[in-house]
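This report concerns only the one structure given below.
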Amino acid sequence: MAFPTHVRLVEVGPRDGLQNEPEPIGTATKLELIDRLGAAGISYIEAASFVSPKWVPQMADHREVMKNLARRDGITYAALTPNLKGLEAALECGVEEVAVFGAASEAFSQKNINCSVAESLARFEPVLERAKAAGVRVRGYVSTVLGCPYEGEIAPAKVAEVSKALYEMGCYEISLGDTIGTGTPLKAKRMIEAVSRDIPIAKLAAHFHDTYGQALANLYAVLEEGIAVVDSSVAGLGGCPYAKGASGNVASEDVVYLLNGLGIETGIDLDALADTGTWITQAISRPNRSKAGVALAAR
């Protein structure tokens, strides 16, 4: 299959990238990060997570972030809302799109959210009903699609089953997450083939972590299958809590550099994006994990 002509980047840095940071990050820093990303041409930014501060202290200021965004035309500012309480709070803050997350692994689901995969899906039904009533679109995440820290290999059929359930429930797009970054290109292709039997490829996104240095290779493999939505995090922010010392999300700068080289449009200014990566990593005293970002900064 030919590559897509245009890829939409879903920037998860402000949420997925920052949520595991041990030191508190000021709301003003988060708001500036979101604004800089928008200025660089990113059209979809996951800005916050409406979860209990007890579980994710870094996201305790989710209301302040969502209410004080300097909103730019043409940009979607989304939030993660795993339950009805989180969704109601997000709706009060004027959220226009939300996300829910399930897992393809039973063990991961139990350890992560203390319930089975089936129970987690059942919990989302009222969230999707309420979001629909409020005219808010819902994106669905499926984690551990290419491997689980507890179960190891995950069958593509299981990923397809969970993805189909979320899609039929009303999620307009399903983001397929290689949570621990153990996937390789052939596995990624086979997983996409299995899921796309039930869901149109245009409704799927790739969310690949770079723990084993395979994220770009895996993205290339699924771009060949027709995937045209990619989740990434500026400067590669976000470790993987299940693999100590491991890098997490694939860096947005590296993805844009790859896409530019393939002649695939993104509408993103790579230099402005790289400057943003340099700025945020300095602001929070973290290493810049983007290879392209570091190289561009050194020019």
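Output the qualifying pairs, or none if there are none: Cβ atoms under 7 angstrom, residues six or more apart or on different chains, first residue in the stretch 23-51 and at positive phi and surrounded by fewer than 18 Cβ atoms within 10 Å (Cβ to Cβ), second residue assigned to a loop (DSSP other than H, G, I, E, B) and not small (Gly, Ala, Ser).
GLY41/ILE268; GLY41/ASP269
In the set VAL56, VAL100, VAL7, which member is under 19 Å from CYS171 (Cβ atoms) and either modelled with pLDDT under 95 or not charged (D, E, K, R) (or both)? Working first, answer last.
Details: VAL56 fails: under 19 Å from CYS171 (Cβ atoms); VAL7 fails: under 19 Å from CYS171 (Cβ atoms).
Result: VAL100 is the single residue among VAL56, VAL100, VAL7 that is under 19 Å from CYS171 (Cβ atoms) and either modelled with pLDDT under 95 or not charged (D, E, K, R) (or both).
Could you count how many residues in the stretch 250-299 are hydroxyl-bearing (Ser, Thr, Tyr), surrounded by fewer than 20 Cβ atoms within 10 Å (Cβ to Cβ) and closer than 26 Å to PHE3 by Cβ?
Of the residues in that region, 0 qualify.
Condition (residue is closer than 25 Å to VAL250 by Cα, among the acidic types (Asp, Glu) and within 19 Å of the chain's Cα centre (by Cα)) applied to the stretch 171-182: is it met by at least one residue? Break it down into steps so the answer makes sense when it comes.
Applying the first criterion (closer than 25 Å to VAL250 by Cα) to the stretch 171-182 yields 171-182.
Right, trim to among the acidic types (Asp, Glu) and you get 173, 178.
Filter once more, keeping what is within 19 Å of the chain's Cα centre (by Cα): 173, 178.
Within the stretch 171-182, one or more residues are closer than 25 Å to VAL250 by Cα, among the acidic types (Asp, Glu) and within 19 Å of the chain's Cα centre (by Cα).
Can you name the residue in the stretch 240-258 that is assigned to a loop (DSSP other than H, G, I, E, B) and among the small types (Gly, Ala, Ser) and is also modelled with the highest pLDDT among such residues? Spell out the reasoning first.
First, the residues of the stretch 240-258 that are assigned to a loop (DSSP other than H, G, I, E, B): 240-246, 248, 250.
So of that shortlist, the ones also among the small types (Gly, Ala, Ser) come out as 243, 245-246, 248.
Details: ALA243: 62, GLY245: 61, ALA246: 63, GLY248: 85.
Filtering first and then ranking leaves GLY248.
ASP269: closer than 28 Å to CYS148 by Cα and out of contact with any Cys (no Cβ under 8 Å at 6 or more places or on another chain), yes or no? Break it down into steps so the answer makes sense when it comes.
Working: closer than 28 Å to CYS148 by Cα: no; out of contact with any Cys (no Cβ under 8 Å at 6 or more places or on another chain): yes.
No: the conditions fail for ASP269.
Can you tell me how many residues in the stretch 215-239 are farther than 16 Å from GLY263 by Cβ, hydrophobic (A, V, I, L, M, F, W, C) and either at pLDDT below 95 or outside any helix (DSSP H, G or I) (or both)?
So the count comes out to 3.
Considering each residue of the stretch 254-278, count those that are farther than 30 Å from GLY152 by Cα and in contact with a helix residue (DSSP H, G or I) (Cβ under 7 Å, 6 or more places away or on another chain), and give that number.
Pass one, the stretch 254-278, residues farther than 30 Å from GLY152 by Cα: 256-257, 259-278.
Restricting the remaining residues to those that are in contact with a helix residue (DSSP H, G or I) (Cβ under 7 Å, 6 or more places away or on another chain) gives 256-257, 260, 266, 268, 270-274, 276-278.
The number of residues fulfilling the criteria is 13.
Which condition breaks for GLY74 when tested against (1) at pLDDT 95 or above; (2) within 23 Å of ALA205 (Cα to Cα); (3) crowded, with 16+ Cβ neighbours inside 10 Å?
GLY74 satisfies every listed condition except (3).
Out of the residues in the stretch 104-121 that are closer than 16 Å to SER163 by Cβ and hydrophobic (A, V, I, L, M, F, W, C), state the one that is surrounded by the most Cβ atoms within 10 Å (Cβ to Cβ). Steps first, answer last, please.
Kept after step one, since they are closer than 16 Å to SER163 by Cβ, are these residues of the stretch 104-121: 104-106, 108-109, 117-118, 120-121.
This time we only want the ones that are hydrophobic (A, V, I, L, M, F, W, C), so: 104, 108, 117-118, 121.
Details: ALA104: 30, PHE108: 23, VAL117: 21, ALA118: 13, LEU121: 18.
Among residues in the stretch 104-121 that are closer than 16 Å to SER163 by Cβ and hydrophobic (A, V, I, L, M, F, W, C), the one surrounded by the most Cβ atoms within 10 Å (Cβ to Cβ) is ALA104.
Across the stretch 195-214, which residue is farthest from ILE264 (Cα to Cα) among those that are assigned to a helix (DSSP H, G or I) and in contact with a strand residue (DSSP E or B) (Cβ under 7 Å, 6 or more places away or on another chain)?
Restricting attention to the stretch 195-214, the residues satisfying the condition of being assigned to a helix (DSSP H, G or I) are 195, 201-203.
Still in the running and in contact with a strand residue (DSSP E or B) (Cβ under 7 Å, 6 or more places away or on another chain): 195, 203.
Details: VAL195: 24, LYS203: 18 Å.
Taking the candidates together, the pick is VAL195.
Can you work out which of the residues in the stretch 129-152 that are among the aliphatic types (A, V, I, L, M) and more than 19 Å from the chain's Cα centre (by Cα) is farthest from LYS164 (Cα to Cα)?
Let us first name the residues in the stretch 129-152 that are among the aliphatic types (A, V, I, L, M), namely 131, 133-134, 136, 138, 142, 145-146.
Narrowing the set further to residues that are more than 19 Å from the chain's Cα centre (by Cα) leaves 131, 133-134.
Working: ALA131: 19, ALA133: 22, ALA134: 23 Å.
Only one residue tops the list, namely ALA134.
Taking the condition farther than 24 Å from GLY261 by Cα and modelled with pLDDT of 95 or more, does ILE201 pass?
Working: farther than 24 Å from GLY261 by Cα: no; modelled with pLDDT of 95 or more: yes.
For ILE201, the condition - farther than 24 Å from GLY261 by Cα and modelled with pLDDT of 95 or more - is not met.
If a residue must be surrounded by fewer than 21 Cβ atoms within 10 Å (Cβ to Cβ) and either of a type outside the set (S, T, N, Q) or touching a residue at least 60 places away in the same chain (Cβ under 8 Å) (or both), how many such residues does the stretch 168-198 contain?
13
Cβ-Cβ below 7 Å, separation at least six or inter-chain, first residue in the stretch 259-270 and of a type in the set (S, T, N, Q), second assigned to a loop (DSSP other than H, G, I, E, B) and at pLDDT 95 or above: which pairs?
THR266/VAL7
The values are calculated or read from the model by the stated rules, or taken from the named source; none is laboratory data. Please read all numbers here as calculations on a predicted model, not as lab measurements. Virtual Cβ from ideal backbone geometry, glycine too; neighbours counted across all protein chains shown.
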